[in-house]
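Heads up, the thing below is written out as structure tokens.
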Amino acid sequence: MTLFHIFALFFLPEVLGQGSSSRPGVVVEARNITLPAGSRAVLPCRSPRMVWTQDRLKDRQRVVHWDVVRSSPEYSVERVLDMSPGAKQRVYNSFNKGRVSLSEEAFNDGNFSLVINNVVTTDKGVYTCNLHHHYCQVHQNIQIQLNVTKSARKERRYWDGEKTVLVVLLGSSVVLPCVNRRPLWREGAQEEQQQVAHWDYQAPGVRPDRAERLVDLYASGERRDYGPLFRQHKMSIDPDAFTLGDFSLSFAELSPADIGLYSCFLHHHYCGIQERRIFRLTVGPPTAAKPSTTRPPIQSNDLPEPSKTTSNY
């Protein structure tokens, strides 16, 4: 029996359209597949971002840092401070210690705003708030320009078309806003309860909202098989799917009854992943057996050879 892995890629416009309207998840892949009956097959559904690594080392997985770019008196880039959950914030310039800070509750309430006390003229520059989540592979940033004035009448805040600009009074205090309250930046998220993969099957002529659920997989280890083909071991998914990031659907032996539309949904609510992969499967006639190329054995003649006679003249 031959195992077929699917590589050819053909986009289905009508399928892509229904994927965005009738079923959740962004369609990242769509294929037309034709395979012979009786063969083994694998519908690939893989994503390294779905690998379950258990985000317990939050002090190493999430980090916020503020940088500043100055254009005068000469161009320079400076790290102001950084902080991770469970670790103290680190201020890089000794002049700023006790003068600039973040809230100690930043990773609890999602407020990463930078506080600058006793503003000086050298604080002028473009500040960037950088949020990095290595577990979710999410990186976000926001820029704010800080200008310093000696006149209270010139203090203001405006948008220059690209970023917020703050003009603040010399010697005053200012807060550069950076707020992100998405759950992945804060404590207490139950990642294993928010990470799920499932396969749906839509038979020919069946509406998308009537598609049949085949299997649910949870990072917590829970699994729900709905179709009889899983119980009969005719369909399967690797038991280490969340360890490998491989949720491919395997068929032990294709039959004409397997024709239809198969969808792999990957949801990681904690990290914000919503992906769908679609396969339109067609089952053709079985592969003809190859004719034997083995030559028949040559049979030996068991009859005794005729005796040789000599004549005397």
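Values quoted throughout were computed directly from the atomic coordinates according to the rules given, and no laboratory measurement underlies them. Keep in mind the model is a prediction, meaning the values are calculated, not measured. Quick reminder, even Gly has a Cβ in these numbers, built from the backbone with ideal geometry, and neighbours come from all protein chains shown.
With contacts taken as Cα pairs under 8 Å and at least 6 residues apart, region 149-280 reaches a relative contact order of 21 percent. Counted residue by residue at 0.36 nm each, then reduced by the alpha carbon distance between them, the extension gain from Thr243 to Val179 reaches 19.8 nm. Measuring spread by the Cα atoms of region 58-185 yields a radius of gyration and Dmax of 14.8, 46 Å. Computed from backbone phi, the HN-Hα couplings of region 126-132 come to 9, 9, 10, 8, 10, 10, 10 Hz, rounded to whole numbers (Karplus: 6.51 cos²θ - 1.76 cosθ + 1.60, θ = phi - 60°; Gly and Pro given as x).
Under a 5 Å amide H cut-off, with hydrogens placed 1.01 Å from N, Ala41 pairs with Phe4, Phe251 among residues at least 5 apart or on other chains. This model, with +1 at the C-beta of Lys and Arg and -1 at the C-beta of Asp and Glu, gives region 58-185 a dipole about its Cα centre of some 160 debye.
In this structure, the amide hydrogen of Val138, modeled 1.01 Å from its nitrogen in the peptide plane, lies closer than 5 angstrom to those of His133, counting only residues at least 5 positions away or on a different chain.
Site pair Thr287 and Lys154 shows an inter-label distance of 7.9 nm when each label is modelled 7 Å from Cα along Cα→Cβ. Taking 7 Å steps out from each Cα toward its Cβ at His139 and Asn93 produces label points 2.4 nm apart. Taking a Cβ cut-off of under 13 Å around Pro177, the surrounding Lys, Arg, Asp and Glu residues balance to a net charge of +3, with basic ones at +1 and acidic ones at -1.
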